[in-house]
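Quick notes on the structure that follows.
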Amino acid sequence: MSLARLPLPLSLRVRRPGRLAAEAAALVIALVVAFPLYWMVLSAFKPAGEIQSTEARPWTLAPSLDSFRRVFEQQEFGRFFVNSLVVAGSVVVASALIAFLAATAVTRFRFRFRTTLLVMFLVAQMVPIEALTIPLFFLMRDFGQLNTLGSLILPHIAFSLPFAIWMLRGFVKAVPEALEEAAYLDGASRGRFLWQILLPLVFPGLVATSVFSFISTWNDFLFAKSFIISDTSQSTLPMALLVFFKPDENDWGGIMAASTVMTVPVLLFFVLVQRRLVSGLGGAVKD
């Protein structure tokens, strides 16, 4: 009897319909999640007449770049884009570095109130950002940071650290202490072990936390609107959307085109760190 005619095991015959159903459900969920992104990009390429039409169509036969042209003709758009890159990049680097050192400290060292400190990190993550906006406003005013990029960088670092420390703590804990002892026996200093051995091992976790920090900072509108009051040259990219909101009629084409441009750096960041991100999230779930 040939192998092609052998009957399939009962387990495979039972699992196949379930697997197909799971794949179909995943596909439907992916389409639902991706549809708003598709509609945003489609609206950015639609001419003004189709956007304002009462008959919404999920396609366009006359794509136009007029909306993108209006976006890039804004004098401050380039400056806003650079400011967003500076703020998001500073938050990602600073929060990753501080969270790595803090996670190493609370995992490898034994000191009083360590558990209390970890609980405080968790409680700080539960506090809504909106509830702290007014206190942060007065704090930034007292430190003379209003109308500066520092008023956006510092709060986002503070809000990114609790999640990053809790996540990196699992990665640092997964590194066996025997590896650290072996490095010390081979003559490695604590600093060399930290940067040359421990850091590469927990780097996937750093990438996962950096994605969270980058997205929350890049899309921030609340702090940019609250702390940048008079100096518009220090505004970030989400503030550029306000130009297209007008009292008489909103420029939805410009809004969608600017939103599409804002999404491109996030997608590029995802593409660059995709492999590290998957391994980092997998390590976090495993821990």
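Identify the single condition in (1) within 22 Å of Ile165 (Cβ to Cβ); (2) more than 16 Å from the chain's Cα centre (by Cα); (3) modelled with pLDDT of 90 or more that Phe193 does not satisfy, given that it satisfies every other one.
Status for Phe193: all satisfied but (3).
Assess whether Leu206 counts as being under 29 Å from Phe143 (Cα atoms) and touching a Lys or Arg at 6+ places or on another chain (Cβ under 9 Å).
Answer is no for this residue.
Can you name the residue in the range 51-82 that is part of a helix (DSSP H, G or I) and under 14 Å from Met40 (Cα atoms) and, of all such residues, is least open to solvent (accessible area, probe 1.4 Å)?
Per the criteria, the residue is Ser67.
Go through the range 158-177 and give me each residue that's farther than 20 Å from Val87 by Cβ and either in contact with a helix residue (DSSP H, G or I) (Cβ under 8 Å, 6 or more places away or on another chain) or in a helix (DSSP H, G or I) (or both).
Ile165, Trp166, Met167, Leu168, Arg169, Gly170, Phe171, Val172, Lys173, Ala174, Val175, Glu177, listed by residue number.
Name the pairs: first residue in the range 150-165 and of a type outside the set (A, V, I, L, M), second residue assigned to a helix (DSSP H, G or I) and surrounded by 22 or more Cβ atoms within 10 Å (Cβ to Cβ), Cβ to Cβ under 6 Å, at least 6 apart or on different chains?
Filtered contacts from the range 150-165: Ser151/Phe227; Pro155/Phe223; His156/Val91; His156/Thr217; Ser160/Ser95; Ser160/Ser213.
I'm trying to understand the selection: among the residues of the range 15-44, which are over 26 Å from the mean Cα position of the chain (by Cα) and either open to solvent by less than 90 Å² (accessible area, probe 1.4 Å) or touching a residue at least 40 places away in the same chain (Cβ under 8 Å) (or both)?
Passing the criteria: Pro17, Gly18, Ala21, Ala22, Ala24.
Restricting to the range 158-182, name every residue that is within 17 Å of Gln196 (Cβ to Cβ) and open to solvent by less than 60 Å² (accessible area, probe 1.4 Å).
Within the range 158-182, Phe171, Val172, Val175, Glu180, Ala182 qualify.
Taking Leu85, is it touching a residue at least 12 places away in the same chain (Cβ under 8 Å), loosely packed, with under 15 Cβ neighbours inside 10 Å and part of a helix (DSSP H, G or I)?
yes
Of all residues in the range 213-255 being part of a loop (DSSP other than H, G, I, E, B) and among the aromatic types (Phe, Trp, Tyr), which is nearest to Met140 (Cα to Cα)?
Step by step, filter the range 213-255, then rank; the result is Phe221.
Could you please find all residues in the range 212-238 being buried (at least 19 other Cβ atoms within 10 Å of the Cβ) and hydrophobic (A, V, I, L, M, F, W, C)?
Scanning the range 212-238 gives Phe214, Trp218, Phe223, Ala224, Phe227, Ile228, Leu237.
Tally time: how many residues in the range 116-157 are in a helix (DSSP H, G or I), small (Gly, Ala, Ser) and open to solvent by less than 60 Å² (accessible area, probe 1.4 Å)?
Total meeting the criteria: 3.
Which condition number does Val91 fail, the rest of (1) more than 30 Å from Glu181 (Cβ to Cβ); (2) of a type outside the set (Asp, Glu); (3) open to solvent by 70 Å² or more (accessible area, probe 1.4 Å) being met?
Of everything listed in (1) more than 30 Å from Glu181 (Cβ to Cβ); (2) of a type outside the set (Asp, Glu); (3) open to solvent by 70 Å² or more (accessible area, probe 1.4 Å), Val91 misses just condition (3).
The values are calculated or read from the model by the stated rules, or taken from the named source; none is laboratory data. Bear in mind that the values here come from a model prediction, so they are computed numbers and not experimental data. FYI the Cβ positions are ideal-geometry reconstructions off the backbone, even for glycines, and counts take in every protein chain you see. In case anyone asks, the SASA skips ligands and DNA or RNA and just uses the protein heavy atoms, side chains included. Shrake-Rupley method; radii C 1.70, N 1.55, O 1.52, S 1.80 Å.
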